[in-house]
Ligand SMILES: *Cc1c(COP(=O)(O)O)cnc(C)c1O
């Protein structure tokens, strides 16, 4: 199937209120334009340089979402244009985003990334770290970032019950943070969870943003 057929069929399986992030990492601008011409406007990248290069070449009504691990020294390259950073995993990173957003006279929307998988390798905060971050004076003084929700990646496994449990865990973290820190903030709404292999489970468990790459653009080739 073509990119546009893939997008159309995925979109029909999304419940109202769930938005699709088309994960275009490693894929050329032509592939992104094909998706764009079907009406897709949100694209996700995991590398700063690649995202900045594509931003420069592609239509400016695209919403760029950074979904991969972000180093503080690279924030400046995306601060002028990024729409949503899914991968905030430290106070230090959030503070850098705040400063770079201020320089650009913007407010940058961010998600807190949680470690919900059983693998050691996946990035993300623990619940305790998130509470420390959100209770800190430094966070509360920030004026150029807005935390709009949470993100997580489930374990890479064929065990659907395990994946479902991990998504439920993320949803319960979301609920707890909302009650504790965001009751007066109606913009705290996003639950970024679900990829090509598990997005249907994620939607059943309350996802509002699914990040789908290979089911749209085909398998990625990392060798080049
Ligand atoms: C690559 C990536 C995705 C998309 O993965 P697919 O399995 O190709 O859909 C989603 N989220 C993150 C954080 C990624 O790095």
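Just so it is clear, none of the values below were taken in a lab; they were calculated from the coordinates. The structure presented is a predicted model; accordingly, all values stated were derived computationally and were not measured. In this analysis, Cβ positions are derived from the backbone assuming ideal geometry, glycine residues included, and neighbour counts consider all displayed protein chains.
If r is the Cβ-Cβ distance from residue 183 to residue 135 and R0 is 22 Å, what FRET efficiency results, to the nearest 0.05?
Details: r = 15 Å, r/R0 = 0.67.
So the FRET efficiency works out to roughly 0.90.
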Calculated FRET efficiency, residue 47 and residue 92, Cβ-Cβ r, R0 25 Å, to nearest 0.05? 0.80
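Starting from the Cα-Cα distance between residue 61 and residue 126, subtract it from 0.36 nm times their residue separation and give me the gain in nm to one decimal. Walk me through the numbers before you get to the answer.
Working: separation 65, 0.36 × 65 = 23.40 nm, distance 3.46 nm.
Between residue 61 and residue 126, full extension yields an extra 19.9 nm.
Run the numbers on the stretch 76-224 and let me know its relative contact order in percent, using alpha-carbon pairs under 8 Å that are six or more apart. Walk me through the intermediate numbers first.
Values: 240 pairs, mean separation 28.7, N = 149.
Reported relative contact order: 19 percent.
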Using alpha-carbon positions, what is the distance between the centroids of the stretch 159-216 and the stretch 49-108, in Å? 22
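In what order do 119, 34 fall by count of nearby beta-carbon atoms within 10 Å, going from fewest to most? Spell out each step's value before the answer.
On the way: 119 11, 34 19.
The fewest-first ordering by Cβ neighbours comes to 119, 34.
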Give me 92, 27, 99 ranked fewest to most by other Cβ atoms within 10 Å of their Cβ, as a rough exposure proxy. 92, 99, 27
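Shape call for the chain from the C-alpha gyration tensor, a ≥ b ≥ c root eigenvalues: rounded (a/c under 1.5), prolate (a/b greater than b/c) or oblate?
On the way: a/c = 1.69, a/b = 1.17, b/c = 1.44.
Here the chain falls in the oblate category.
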With a cut-off of 11 Å, note down the residues of the stretch 18-35 whose backbone N falls inside the zone around a label point 7 Å from the Cα of residue 83 toward its beta carbon. 19-22
Length added when fully stretched, residue 105-residue 72, from 0.36 nm per residue minus Cα-Cα: 10.0 nm
Separation between the residue 165 and residue 221 pseudo-spin-labels, each 7 Å from Cα along Cα→Cβ, expressed in nm? 4.0
Counted neighbours (other Cβ, 10 Å), sorted fewest up, put 61, 198, 109 in the order 61, 109, 198
